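**Student:** Encoded as structure tokens, here's the structure I'll be asking about.
The values are calculated or read from the model by the stated rules, or taken from the named source; none is laboratory data. What you are looking at is a predicted structure, and each value in this text was computed from that prediction instead of being measured. Virtual Cβ from ideal backbone geometry, glycine too; neighbours counted across all protein chains shown. Side chains are part of the model used for accessible areas, which takes the heavy atoms of the whole protein and leaves out ligands, DNA and RNA. Shrake-Rupley method; radii C 1.70, N 1.55, O 1.52, S 1.80 Å.
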Amino acid sequence: MTTVASTDARATRRVSGHPHHVRRLSGRRSNVLTLGMVAVLLYFLFPLFWLVVASTKTTADLFSTFGLWFSDSFSLLSNIKETFTFDGGVYARWMANTLVYSVVSAGGAALLCAMGGYGFAKFRFRGNGALFGLVLGSIMVPTTALAIPTYLLFSKVGLVNTPWALILPSLVSPFGLYLMRIYAQDAVADSILEAARIDGAGEFRIFFRVALRSLAPGIVTVLLFTLVATWNNYFLPLIMFNDPKLYPITVGLASWSSQATGGSGGTAELLALVVTGSLLSVIPLIAAFLLLQRYWQSGLAAGGVKA
């Protein structure tokens with residue numbers, strides 16, 4: 001009896017001590033994950049920090065001072081002024097072009113993806129699975145592989161060197177269509193659609209008056225994905241545009257960089273303007289993410305509630 005009692009007591013101590021041991025292990029794991037996330041955060045913020053620091057320097061200071069800290073002469077304001085006034089203020093035109101291309105492309109792609117994803121999710125028709133499989137397959141095709149065929153096609157119809165040469169291809173987003181199909185499957189309740197049909201509403205009215213509100217977080221996600229992709233697109237506008245006045249910010253800064261690295265005619269001074277222009281081009285994207293993040297939060301909250 002004494003042996004059994006002592007064994008039970010040891011087992012009880014082991015069982016009672018187990019939660020503390022688990023908490024200690026979870027604490028250690030939490031610390032490791034926290035350190036890992038901090039390392040990832042620093043990894044992603046490091047280029048932005050370097051860009052901010054480098055934008056405050058002149059071209060001479062870029063090569064003569066420590067790259068990860070500010071120099072004695074703070075030249076950010078003068079660099080910004082020079083960036084917007086150089087070559088007749090062409091940088092402002094490039095920024096405006098990029099804004100128009102990105103906003104029109106992102107808005108159109110988000111609407112088309114919402115309509116297509118809603119149709120795939122809520123309607124059953126012949127070839128539904130095959131067509132959606134084609135969409136999934138097209139995601140695997142890199143966009144750079146389609147740039148030359150797109151150029152040849154657009155040259156036949158006279159759209160090369162026009163804004164449509166960049167906007168129309170950007171409206172097609174297979175990945176956005178896939179996201180909206182998955183999101184619309186659960187975000188829009190079938191009972192609500194049936195109730196609207198019983199009330200006599202047409203399908204387009206149901207989509208724009210009922211379904212579109214439920215799809216708002218998904219639409220914002222596709223909008224931001226397309227906005228960033230169009231804003232950062234380089235290869236397609238490079239082959240589509242011959243007129244520098246139509247350049248987006250990526251191609252424009254690349255042309256300045258090529259002039260600066262050539263070093264002829266004092267164009268090496270353009271390096272500071274290229275860095276400053278790169279910093280200015282990032283600000284609109286950061287602002288877009290900050291302004292639209294509340295739609296993501298509402299979508300996460302809605303998805304976490306089960307009826």
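**Student:** With a 1.4 Å probe and all protein chains kept in place, how much accessible area does D243 have, in Å² rounded to the nearest 10?
**Tutor:** Per-residue accessible area (D243): approximately 60 Å².
**Student:** For W50 and F175 in one chain, what is 0.36 nm times their gap in residues minus the Cα-Cα distance, to one decimal in nm?
**Tutor:** Stretched fully, the W50-F175 segment lengthens by 41.8 nm.
**Student:** Based on the mean of other beta carbon atoms within 10 Å per residue, what is the order of 179-187, 33-41, most packed first?
**Tutor:** So the peptides 179-187, 33-41, ranked by packing, come out 179-187, 33-41.
**Student:** Taking 7 Å along the Cα-to-C-beta vector as the label spot, tell me the K245-L136 distance in nanometres, rounded to one decimal.
**Tutor:** Each label point is offset 7 Å from its Cα along the Cβ direction, giving 4.8 nm.
**Student:** Roughly how many whole Å is it from the C-alpha centroid of region 89-148 to that of region 175-193?
**Tutor:** Centre-to-centre (Cα) distance: 17 Å.
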